[in-house]
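In what follows, a structure is listed as structure tokens, so that the remarks can point back to it.
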Amino acid sequence: MPVPGPGYSITVRVDAPPSASAAGDLTTAVGKVGGVLTAFDVVGSDAEAIVVDITANVASADHAEDITSALNALPGVKVRKISDRTFLMHLGGKLEVSPKVALKNRDDLSRAYTPGVARVCQAIAANPEDARRLTIKRNTVAVVTDGSAVLGLGNIGPGAALPVMEGKAALFKKFADVDAWPVCLDTQDTEEIIRTVRALAPVYAGINLEDIAAPRCFEIEARLREQLDIPVFHDDQHGTAIVVMAALRNALRVVEKNIENCRVVVSGVGAAGSAIIRLLLRRDPADVIAVDIDGIVHTGRENMDPNLQWVAEHTNADGMTGTLHDALAGADVFIGVSAPNLFGAEQVATMNDDPVVFALANPDPEIDPLEAQQHAAVVATGRSDYPNQINNVLAFPGVFRGLLDAHARDIDDEMLLAAANAVADVVDDRLNASFIVPSVFDNAVAPAVAEAVKSTAVQATGEKQAK
Ligand SMILES: NC(=O)c1ccc[n+]([C@@H]2O[C@H](COP(=O)([O-])OP(=O)(O)OC[C@H]3O[C@@H](n4cnc5c(N)ncnc54)[C@H](O)[C@@H]3O)[C@@H](O)[C@H]2O)c1
């Protein structure tokens, strides 16, 4: 059941009688039907009536109607109009291009554009690396999608994906001063996506792939990494893996366990699950058991794609078969990036002592977090209304800031792990079972991640050059 939140906020303009009790009647009516009042503004008044803007968080369109009906039902009250504040925020989009140079007179024009700009073009033609010094390439990232796996909405296409990509670009700027730009491609053909991204790469110093469905996303990322001389990062994979690894490191500190002694169950072997498993294996857990919609992944299973085959070969040392519930018995950690409501408190009870449960399926987790808490020592979700929110925004802005500052040409697991450690370290001595990751608004996160990624990237470049 959705709960009222700021993602669905309405402002209702009403005419009300100018009585002393009007404000109380209006706010009580909103509260009685479950609206969460966030603002009450009297915007007009005369002897006959007051005009009031009532702003409230609601749960759904039906809930918004309940609120307007409740207001309309009050004696002498008339609803004039309803505005959806989320839609108002999106009018005309969330981004704009703004020149960094003054264009006030003929001299300015001659330098910023022709004829002066021609010499800059020639300099880049002679030395392409100068593009990072003399153009927007220095600080610009493409946020590329084909619209095939957008949020929890599925394949809604590139146009409908644009508000998400604009939002992503806005987060890049806000948290790490990276100039990111949405590139929503009107194709879902792997070869065409690769060709197109390669063709537009000259403008960008990094490619952030976004909301591209598995398994296509694996091939697109791998091939672009081979072909481009700028880092390519699929946020749904690696952004998630970074934050999960950070959260796991701190969760294991809370329960005083060493990962080398832990059996970790990962439910979901799609974009997020595969990347989590790959990074997790770099930390040498006692074992990883991967589970997908067809049960436990093991080498004997038939009809596995190359991604599942790789996972089968690198996990499940004892060849366990069966269901998620079988996998959970005796496990130390559960990480879910799969589907809602897959198990309950009784399965958590079968896990090892002080289990860690990360139920990250959005919007409804694999287990109700309140149920998980009955037996788990640490619980995390992807939701903002519970403690320990696993949110990619803790990772991607700082990751790209670090990559751009290092002039990195690629990205590797060492950089992802450095980013994860940096996120985990920000928590420091504030650590407890309800605080294993920092707040997304903690200003220390992006610079710490950027510095960790930059120094790891610079070191990697130095080692490559030394070879
Ligand atoms: N920060 C976060 O909290 C965060 C980050 C990434 C993904 N997610 C969530 O994780 C989920 C998966 O995302 P994705 O991009 O990897 O999707 P995906 O479609 O690429 O992969 C989904 C995986 O879940 C498996 N699955 C589906 N139903 C299952 C079931 N009943 N039991 C076990 N496994 C099942 C599928 O077989 C597949 O392996 C989504 O709900 C997404 O919102 C959360």
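Summary table below
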quantity: Scan of segment 1-57 for residues that are free of Cβ contacts under 8 Å to residues at least 24 places away in the same chain and of a type in the set (Phe, Trp, Tyr), ordered by number; calculated: Phe40
quantity: Tally, over segment 210-231, of residues that are touching an Asp or Glu at 6+ places or on another chain (Cβ under 6 Å) and modelled with pLDDT of 95 or more; calculated: 3
quantity: Residue in segment 136-156 that is nearest to Ala213 (Cα to Cα), counting only those that are in contact (Cβ under 8 Å) with a residue 24 or more places away in the chain and surrounded by fewer than 17 Cβ atoms within 10 Å (Cβ to Cβ); calculated: Asn155
quantity: Any pair with Cβ under 9 angstrom, 6 or more apart, that starts in segment 86-115 at a residue that is within 30 Å of Ser60 (Cβ to Cβ) and ends at one that is of a type in the set (Lys, Arg); calculated: Leu95/Lys173
quantity: In segment 1-58, residue nearest to Ala73 (Cα to Cα) [restricted to those that are touching a Pro at 6+ places or on another chain (Cβ under 6 Å) and buried (at least 18 other Cβ atoms within 10 Å of the Cβ)]; calculated: Ile50
quantity: Helices (runs of 4 or more DSSP H) within segment 79-172 that include 3 or more residues closer than 21 Å to Ala205 by Cβ; calculated: 117-126, 131-134
quantity: Residue check, Asp66 in contact with a Phe, Trp or Tyr (Cβ under 8 Å, 6 or more places away or on another chain), in the same structural domain as Pro17 (by the TED database) and in contact (Cβ under 8 Å) with a residue 12 or more places away in the chain; calculated: no
quantity: Residue within segment 299-322 that is small (Gly, Ala, Ser) and in a strand (DSSP E or B) present; calculated: no
quantity: Contacts under 7 angstrom Cβ, first residue in segment 374-397 being more than 13 Å from Phe435 (Cα to Cα) and not assigned by the TED database to the domain that holds Glu256, partner away from the ligand (no atom under 11 Å from the Cβ) and hydrophobic (A, V, I, L, M, F, W, C), 6 or more apart; calculated: none
quantity: Failed item, numbered, when Ala359 is tested on (1) surrounded by fewer than 19 Cβ atoms within 10 Å (Cβ to Cβ); (2) without any contact (Cβ under 8 Å) to a residue 60 or more places away in the chain; calculated: (1)
quantity: Meets criteria (surrounded by fewer than 24 Cβ atoms within 10 Å (Cβ to Cβ) and touching a helix residue (DSSP H, G or I) at 6+ places or on another chain (Cβ under 8 Å)) for Asp442; calculated: yes
quantity: Among residues of segment 175-209, those that are among the β-branched types (Val, Ile, Thr) and outside any helix (DSSP H, G or I), counted; calculated: 4
quantity: Number of positions in segment 329-345 that are of a type outside the set (A, V, I, L, M, F, W, C) and in contact with a helix residue (DSSP H, G or I) (Cβ under 9 Å, 6 or more places away or on another chain); calculated: 4
quantity: Total residues in segment 179-220, condition of a type in the set (D, E, K, R) and buried (at least 21 other Cβ atoms within 10 Å of the Cβ); calculated: 2
quantity: Set Ala241, Ala201, Ala247, Ala222: member being within 30 Å of Thr461 (Cβ to Cβ) and touching a strand residue (DSSP E or B) at 6+ places or on another chain (Cβ under 6 Å); calculated: Ala247
quantity: Test: residue in segment 34-53 that is of a type in the set (Asp, Glu) and part of a loop (DSSP other than H, G, I, E, B); calculated: yes
quantity: Candidates Leu394, Leu431, Leu416, Leu404, filtered to the one that is modelled with pLDDT of 95 or more and farther than 16 Å from Leu248 by Cβ; calculated: Leu404
quantity: Segment 266-296: number of residues that are outside any helix (DSSP H, G or I), more than 9 Å from the ligand (Cβ to nearest atom) and either of a type outside the set (Gly, Ala, Ser) or buried (at least 22 other Cβ atoms within 10 Å of the Cβ) (or both); calculated: 9
quantity: Residues of segment 348-366 satisfying the condition of being out of contact with any helix residue (DSSP H, G or I) (no Cβ under 7 Å at 6 or more places or on another chain) and over 19 Å from Ala271 (Cα atoms); calculated: Ala349, Asn352, Asp353, Asp354
quantity: Residue that is farthest from the chain's Cα centre (by Cα), among those in segment 439-467 that are of a type in the set (Asp, Glu) and in a helix (DSSP H, G or I); calculated: Glu463
quantity: Some residue of segment 248-263 being at pLDDT 95 or above and within 10 Å of the ligand (Cβ to nearest atom); calculated: no
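Per-residue answers, yes or no, for (1) in the same structural domain as Arg138 (by the TED database); (2) charged (D, E, K, R); (3) in contact (Cβ under 8 Å) with a residue 12 or more places away in the chain:
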{"residue": "Trp181", "(1), (2), (3)": "yes, no, yes"}
{"residue": "Glu192", "(1), (2), (3)": "yes, yes, no"}
{"residue": "Arg198", "(1), (2), (3)": "yes, yes, yes"}
{"residue": "Ile207", "(1), (2), (3)": "yes, no, yes"}
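Yes or no, residue by residue, for (1) at pLDDT 95 or above; (2) closer than 28 Å to Ala271 by Cβ; (3) outside the structural domain of Ser60 (by the TED database):
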{"residue": "Arg85", "(1), (2), (3)": "no, no, no"}
{"residue": "Leu95", "(1), (2), (3)": "yes, yes, yes"}
{"residue": "Asn105", "(1), (2), (3)": "yes, no, yes"}
{"residue": "Leu153", "(1), (2), (3)": "no, yes, yes"}
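The values are calculated or read from the model by the stated rules, or taken from the named source; none is laboratory data. Remember, it's a predicted structure, so these values are computed and weren't measured experimentally. With ideal geometry, Cβ positions are generated from the backbone for all residues, glycine too; neighbour counts draw on all protein chains shown.
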